[in-house]
Amino acid sequence: MPDQPDAVLETAPDAAPDPAPYDALLLLSFGGPEGPDDVVPFLQNVTRGRGIPEERLKEVGQHYFLFDGISPINEQNRKLLDALREDFAAHDLAGLPVYWGNRNWAPYLTDTLREITREGHRRIAVLATSAYASYSGCRQYRENLAESIALLKEEGLEPPRVDKLRHYFNHPGFVRPMADGVLRSLAELPEAVRAGAHLAFTTHSIPTAAADTSGPAEAHGEGGAYVAQHLDVARLIAEAVQEATGVADRPWELVYQSRSGAPHIPWLEPDICDHLEALHEAGAPAAVMVPIGFVSDHMEVLYDLDTEATAKAAELGLPVARSATVGADPRFAAAVRELVLERAAGERGVTVRPCALGALGPSHDLCPVGCCPARAPKPAAAGADSPYA
């Protein structure tokens with residue numbers, strides 16, 4: 001993997017890190033149930049407005065019930081919070097508090113923003129636990145922020161300005177831990193199949209219509225920014241694995257998982273289980289599943305890969321391993337710090353050279369008009385079309 005320096009800020013070399021104008025960081029995530037009684041209410045939050053009956057939600061919730069109704073995402077976020085606070089303290093940023101709010105479960109975003117407001121913070125940087133451009137991975141979080149801001153204004157509060165940090169799919173602190181995870185997974189495979197193992201880079205399938213309109217308007221087209229960004233990350237990791245192992249031309253492919261919704265609506269394919277069948281039929285000796293679309297171990301990783309796809313591989317007699325998500329890796333925590341300082345410096349008018357690997361370069365700071373549009377337009381914060389300055 002080509003070397004890339006950390007984000008460069010044109011400041012005095014001995015200057016202390018300066019997060020101004022930001023006085024807090026918000027970790028914004030999806031949320032997940034933490035016990036059996038939470039599962040159906042959580043799924044009701046996720047599907048609100050779609051008219052899905054409770055009995056159907058109980059069926060969907062069986063994946064959660066297999067794991068005592070507990071999604072790993074909340075605990076993963078707690079570990080990430082600890083890693084961020086530890087990293088900030090070690091780099092003279094202990095005075096920048098880190099908060100956590102979720103879209104669909106406690107701690108809820110509105111409650112966290114209310115706390116932030118009452119504690120006097122006036123401008124916050126927001127890190128969403130989704131690294132790529134898409135409606136569900138970016139704009140919907142911005143809509144959630146706008147909804148919460150509107151609710152707090154109705155309560156007579158004056159919420160802080162919120163700025164969402166740029167997409168970090170190609171930041172070294174996101175890519176390199178995943179490349180190391182692939183190397184560890186290859187080492188877990190039997191030595192006889194290791195060199196020939198294929199890499200299956202997985203991410204959440206989304207409707208093709210949503211993929212085609214992901215990213216800024218100029219990126220729209222087949223697959224949009226969503227597919228292009230994932231392909232760039234997959235290529236980076238495949239190159240790093242080749243460099244580390246000496247195995248040239250190791251086959252790899254971007255595949256999808258966790259499809260939901262009506263069967264007549266086209267979604268991104270191939271599905272991971274179908275891909276494993278195709279690999280087996282083609283005579284592949286083994287595979288490593290690499291969940292590049294996920295920051296941490298969601299239920300989609302725990303069930304769709306560790307349970308369902310692994311069972312399919314066992315049925316086929318295909319040796320597989322699943323590599324790690326970045327989770328609370330210290331390099332990812334450092335990347336978040338760099339993203340905060342990079343954005344802060346830019347907001348102060350300081351020259352910044354953002355840190356990014358691959359062919360696509362750093363993403364935009366401010367989501368432009370037409371970026372990842374919703375089917376039914378809603379106000380969204382932290383973008384060029386935001387009603388909130």
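Quick rundown of the values:
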read-out	value
Residue in the stretch 356-372 that is over 22 Å from His220 (Cβ atoms) and touching a residue at least 24 places away in the same chain (Cβ under 8 Å) present	yes
Check on Ala106, of a type in the set (A, V, I, L, M, F, W, C), within 16 Å of Ala381 (Cα to Cα) and surrounded by fewer than 21 Cβ atoms within 10 Å (Cβ to Cβ)	no
Scope the stretch 213-234; condition assigned to a helix (DSSP H, G or I) and buried (at least 16 other Cβ atoms within 10 Å of the Cβ); matching residues	Ala219, Gly224, Ala225, Tyr226, Val227, Ala228, Gln229, His230, Leu231, Asp232, Val233, Ala234
Within the stretch 253-281, tally of residues that are open to solvent by 10 Å² or more (accessible area, probe 1.4 Å) and within 18 Å of Thr310 (Cα to Cα)	15
Count - residues of the stretch 181-206 that are surrounded by fewer than 19 Cβ atoms within 10 Å (Cβ to Cβ) and over 18 Å from Val320 (Cβ atoms)	0
Failed criterion for Cys367 (all others in (1) open to solvent by 30 Å² or more (accessible area, probe 1.4 Å); (2) under 23 Å from Ala146 (Cβ atoms) hold)	(1)
Evaluation of Gly31 against (1) at pLDDT below 95; (2) buried (at least 20 other Cβ atoms within 10 Å of the Cβ); (3) on the phi > 0 side of the Ramachandran plot (one fails), failing number	(1)
Residue satisfying all of: in the stretch 135-153; of a type in the set (Ser, Thr, Tyr) and in contact with a helix residue (DSSP H, G or I) (Cβ under 6 Å, 6 or more places away or on another chain); farthest from Pro368 (Cα to Cα) among these	Ser148
Single match in Arg353, Arg337, Arg343, Arg348 (criterion: touching a Phe, Trp or Tyr at 6+ places or on another chain (Cβ under 7 Å) and either open to solvent by 10 Å² or more (accessible area, probe 1.4 Å) or farther than 16 Å from Val233 by Cα (or both))	Arg337
Unmet requirement for Asp297, which otherwise passes all of (1) of a type in the set (Asp, Glu); (2) assigned to a helix (DSSP H, G or I); (3) in contact with a Gly (Cβ under 8 Å, 6 or more places away or on another chain)	(2)
Selection count, the stretch 16-36, where residues are within 20 Å of the chain's Cα centre (by Cα) and assigned to a loop (DSSP other than H, G, I, E, B)	4
Residue ID - most open to solvent (accessible area, probe 1.4 Å), chosen from residues in the stretch 157-168 that are among the aliphatic types (A, V, I, L, M) and over 17 Å from the mean Cα position of the chain (by Cα)	Leu157
Qualifying residue in the stretch 145-156 (condition: in contact (Cβ under 8 Å) with a residue 12 or more places away in the chain, open to solvent by 30 Å² or more (accessible area, probe 1.4 Å), in contact with a Leu (Cβ under 6 Å, 6 or more places away or on another chain) and in a helix (DSSP H, G or I))	no
Where a residue in the stretch 373-389 is in a loop (DSSP other than H, G, I, E, B) and its partner, wherever it lies, is of a type in the set (Lys, Arg), with Cβ under 6 Å and at least six apart	Ala380/Arg139; Ala380/Arg142; Ala381/Arg142; Ala382/Arg142; Ala382/Lys164
For Pro387: the one exception among (1) within 30 Å of Glu281 (Cα to Cα); (2) at pLDDT below 95	(1)
Test: residue in the stretch 167-182 that is in a strand (DSSP E or B), in contact with a Ser or Thr (Cβ under 6 Å, 6 or more places away or on another chain), of a type in the set (Gly, Ala, Ser) and under 25 Å from Pro72 (Cα atoms)	no
Cβ pairs under 8 Å, 6+ apart, first in the stretch 339-350 and among the basic types (Lys, Arg), second part of a helix (DSSP H, G or I)	none
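Listed here are the residues, each with its yes/no results for (1) in contact (Cβ under 8 Å) with a residue 24 or more places away in the chain; (2) within 21 Å of Phe332 (Cα to Cα); (3) in contact with a strand residue (DSSP E or B) (Cβ under 8 Å, 6 or more places away or on another chain).
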position	(1), (2), (3)
Glu191	no, no, no
Val233	yes, yes, yes
Glu239	yes, yes, no
Ala262	no, no, no
Glu269	yes, no, yes
Ile272	yes, no, yes
Pro285	yes, no, no
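The values are calculated or read from the model by the stated rules, or taken from the named source; none is laboratory data. In this text, all values refer to a predicted model and were calculated from it rather than measured experimentally. Note that we place each Cβ from the backbone using ideal geometry, even for glycine, and neighbour counts take in every protein chain shown. For the accessible areas, the whole protein counts, side chains as well, though only heavy atoms, and no ligand, DNA or RNA atoms are used. Shrake-Rupley method; radii C 1.70, N 1.55, O 1.52, S 1.80 Å.
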